[in-house]
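The values are calculated or read from the model by the stated rules, or taken from the named source; none is laboratory data. Given the structure is predicted, the values throughout are model-derived calculations rather than measurements. With ideal geometry, Cβ positions are generated from the backbone for all residues, glycine too; neighbour counts draw on all protein chains shown. Areas reflect the complete protein model, heavy atoms only, side chains present, ligands, DNA and RNA absent. Shrake-Rupley method; radii C 1.70, N 1.55, O 1.52, S 1.80 Å.
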Amino acid sequence: MEVFLIVCGVLLAVSAVAVSIPKLRLKGTAWTGLQSRGLSRQQVRLIGVAELAGGVGVLAGLYWTPLGVISTVALLILLLCAIAFHVRHGDYGNPDTRAVAMPAVYLAMLAVLASIGFVFAG
């Protein structure tokens with residue numbers, strides 16, 4: 001179970017940090033897509049900060065399990081909100097925007113797996 005947790009935790013943490021960087025820098029398609037949907041610079045940066053904090057928390061949680069549980073659940077909530085945002089804008093039904101929306105689904109599944117790993121590791 002420990003190997004499962006480490007693999008899921010590291011994948012989730014690296015992915016969360018990777019998706020946070022364009023939002024923090026306000027660069028790339030993540031920023032332009034969110035801006036075109038009415039989100040302000042501050043809102044996008046706040047999302048980026050939350051993703052970055054979640055990723056760092058998951059990595060730290062590999063050493064202190066309670067932080068890992070809290071971080072994965074917090075990331076899961078954030079990702080469920082992202083999925084709801086994409087659903088509201090019809091991204092999953094549109095072939096042109098589906099590829100941009102799907103990473104939230106994949107990361108949410110990974111967050112569920114990592115949280116299960118943290119619970120059983122604790």
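Picking from ARG37, ARG41, ARG45, ARG25, which residue would you name as being surrounded by 15 or more Cβ atoms within 10 Å (Cβ to Cβ) and not small (Gly, Ala, Ser)?
The unique qualifying residue is ARG45.
So how many residues does the stretch 87-122 have that are open to solvent by less than 50 Å² (accessible area, probe 1.4 Å) and of a type in the set (S, T, N, Q)?
Adding up the residues that qualify gives 2.
Taking the options LEU75, LEU80, name whichever one is within 23 Å of LEU24 (Cα to Cα), surrounded by fewer than 16 Cβ atoms within 10 Å (Cβ to Cβ), modelled with pLDDT of 95 or more and in contact with a helix residue (DSSP H, G or I) (Cβ under 8 Å, 6 or more places away or on another chain).
LEU80
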